Amino acid sequence: MSGSTPARELLSGNQAIARGAWEAGVTVATGYPGTPSTEILEAAARFGKDMYLEWSPNEKVALEVAAGASLAGARCIVTMKHVGLNVAADPLMTLSYTGTVGGLVIVVADDPGMHSSQNEQDSRHFARFAKVPMLEPADSQEARDFTVLGLEISEKFRTPVLLRSTTRVSHSSSVVAIGSRRLPDRKIGFEKNIERFVPVPAHARGMRLRVEERAAALVAAAEASPANRIEWADRGLGVIAEGVAYQYVKEVLPGASVLKLGWAIPFPDGLIRSFADGVRKVLVVEELDGILEEHVRSLGIACEGRSRVPGMGELSSSRLAAVLRDLPGAVLSAAVPPSEQPAALVAQPPAPPEAADLPARPPVLCPSCPHRGIFHALGKFDVVVTGDIGCYSLGAFAPLGRLDTILCMGGGISMAHGMAKAGEPRRVVGMVGDSTFFHSGITGLLDIAYNRGNPVIIVVDNRTTAMTGHQENPGTGRTLLGEDTVEAKIEDIARACGMKNVEVVNPYHLKPTTDTLRKALDSGEGWLIVSRGACPLATRERLGSPRKVGQELCTVCKACLKLGCPAIELDGERVRINDLLCNGCSMCQQVCPSKAIGIASGECRDA
């Protein structure tokens, strides 16, 4: 880094992590897109000439790729959201035993409040479970700094390091002091050592002992690290906080003494005891689970935490202020507006704010979304549909209403198989997206073929990883950096798995799509249907001329409204199509029984 005053840039937390990785000499960066972590690798792409970057098929593969690179001596980062760490848990647990050579930081972005996730999880549990250190940045500067620190810790203690971000840290921006140079590339070369890198039971028993020895050394290092610090102020109240919770504490309780934990796990017990001894009352403020409070109490230190601070949903300064109004010794900042809710209600996750003067807008598939065609076809059959994570999750809602379950990525396939094997009397249809199929659907499909299952599996292939912002995947024919590469064909993989009945449909052609689905359902056999139509937001191409409603022919039967297209509007007792939204897919024209919809008013053509 330069010896002069460092340059400063306004960066989001995700951009700052990418910057820190580049400055620290990372040469391998892998991940799977998932909000709120997606932008880390996208920001790192600006440094593509210095780093190998990839969107991996899933988080497990991403970690395994980085682990291999680390053992060869490279510095690496892996990015994922909290549910992705579930997928990567298998290699993580054993990588804790074998350890690392080149620094390896696993960035996991939690999503308190479930802004874009199917559940809330606290990834600190994984750090304790795997017995690896965890860093928690509170802002973009620390996101950059802790990425560098994590790589140093990883190499010094031969351990993977978890860096826990949250939605607020990942997506908020602040000024960051950055370095002007990157550390030089490292010498790459794996050194054989089967006792260290081959965890068969005879070796793993020794590894287990070394993990405990490392844990003790990590505690001592955390105690001395500047990432953890005491900020003495009024000694009547002392607050212990991690990550972004520290920011809320400083806003709400500016006069309180604070123990800020950036190197949060392993817990710096000596520092915690020293801080508790210096204040009259201890309050623990943390987002989601009461992990830190539980540990503070285990040290014999009386404290308050979950009895006041909510453990569900995302914290905020106003939410924290509301629950601390009557805390003895707490002097709240006058700058924090008082909550309009009583403290008892603030302990529950707040509902998303709604503008009183705007109508409610339920989430819907975009105009001309190809998924709409397959949902229309499914609506003609009495089937159970097990769904998955993606844009097509919106097919669960009215007016489409053709998705019955959602669990996890890849679950749409495996749940369909299990439901059918359990004896569900109706035909079962499993649905996944193209990126989800590559992520964790292939093994479920192989299970169906091998164990003679009979669900109909639909892969809605919109040629991109749409819900996270149109990232590439193994089926698009392009890498993260836009380079041409092999284009994996879902139908070819299905046949290789042993699926005998495989067909590709164009979901914009409603009748052929419905006929194919009927043939599959009537057969009583297992099927794989690829519903292939590119996401219009990704291609940015109009599919055809905007449609119009011929009012002289329209009977207001509302069949077109059942498609749930945002471009089709009911204006009093008139149906009309908003030509600013219509992308010309013609699905409304195909379902209109009165032939009232055409390219121009009164001009109705076959689609």
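Overview of results
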quantity: Selected residue (only one of G410, G395, G387 is in contact with a strand residue (DSSP E or B) (Cβ under 6 Å, 6 or more places away or on another chain), touching a residue at least 24 places away in the same chain (Cβ under 8 Å), crowded, with 17+ Cβ neighbours inside 10 Å and over 21 Å from K519 (Cβ atoms)); calculated: G387
quantity: Qualifying residue in segment 32-39 (condition: touching a Ser or Thr at 6+ places or on another chain (Cβ under 6 Å) and surrounded by fewer than 21 Cβ atoms within 10 Å (Cβ to Cβ)); calculated: yes
quantity: When residues of segment 285-307 are limited to those that are surrounded by fewer than 20 Cβ atoms within 10 Å (Cβ to Cβ) and among the charged types (D, E, K, R), the one farthest from Q118 (Cα to Cα); calculated: R297
quantity: The listed residue being closer than 24 Å to R205 by Cβ and outside the structural domain of D434 (by TED's automatic domain parsing), out of S117, S70; calculated: S70
quantity: Single condition K260 does not satisfy, out of (1) within 28 Å of the chain's Cα centre (by Cα); (2) of a type in the set (K, R); (3) over 29 Å from S154 (Cβ atoms); calculated: (3)
quantity: Only listed residue being farther than 20 Å from S435 by Cα and among the aliphatic types (A, V, I, L, M), chosen from L480, L510; calculated: L510
quantity: Residue match in segment 372-379 (condition: buried (at least 24 other Cβ atoms within 10 Å of the Cβ), modelled with pLDDT under 95 and either in the same structural domain as E39 (by TED's automatic domain parsing) or touching a His at 6+ places or on another chain (Cβ under 9 Å) (or both)); calculated: no
quantity: Residues (touching a His at 6+ places or on another chain (Cβ under 6 Å) and either closer than 16 Å to V26 by Cα or surrounded by fewer than 23 Cβ atoms within 10 Å (Cβ to Cβ) (or both)) located in segment 157-203; calculated: E195
quantity: Entirely in segment 191-274, the helices (runs of 4 or more DSSP H) that have 3 or more residues that are in the same structural domain as G150 (by TED's automatic domain parsing) and over 13 Å from P133 (Cα atoms); calculated: 194-197, 201-224
quantity: Selected residue (criterion: surrounded by the fewest Cβ atoms within 10 Å (Cβ to Cβ)) from residues of segment 87-113 that are free of Cβ contacts under 8 Å to residues at least 40 places away in the same chain and either part of a loop (DSSP other than H, G, I, E, B) or not hydrophobic (A, V, I, L, M, F, W, C) (or both); calculated: D90
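Every residue, every condition in (1) surrounded by 15 or more Cβ atoms within 10 Å (Cβ to Cβ); (2) outside any loop (DSSP other than H, G, I, E, B), yes or no:
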{"residue": "P507", "(1), (2)": "yes, no"}
{"residue": "D515", "(1), (2)": "no, yes"}
{"residue": "L537", "(1), (2)": "yes, yes"}
{"residue": "L543", "(1), (2)": "yes, no"}
{"residue": "P546", "(1), (2)": "yes, no"}
{"residue": "L553", "(1), (2)": "yes, no"}
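The values are calculated or read from the model by the stated rules, or taken from the named source; none is laboratory data. Remember, predicted model here, so these are calculated numbers, not experimental data. Glycine also receives a Cβ, built like all others from the backbone with ideal geometry; neighbour counts cover every protein chain displayed.
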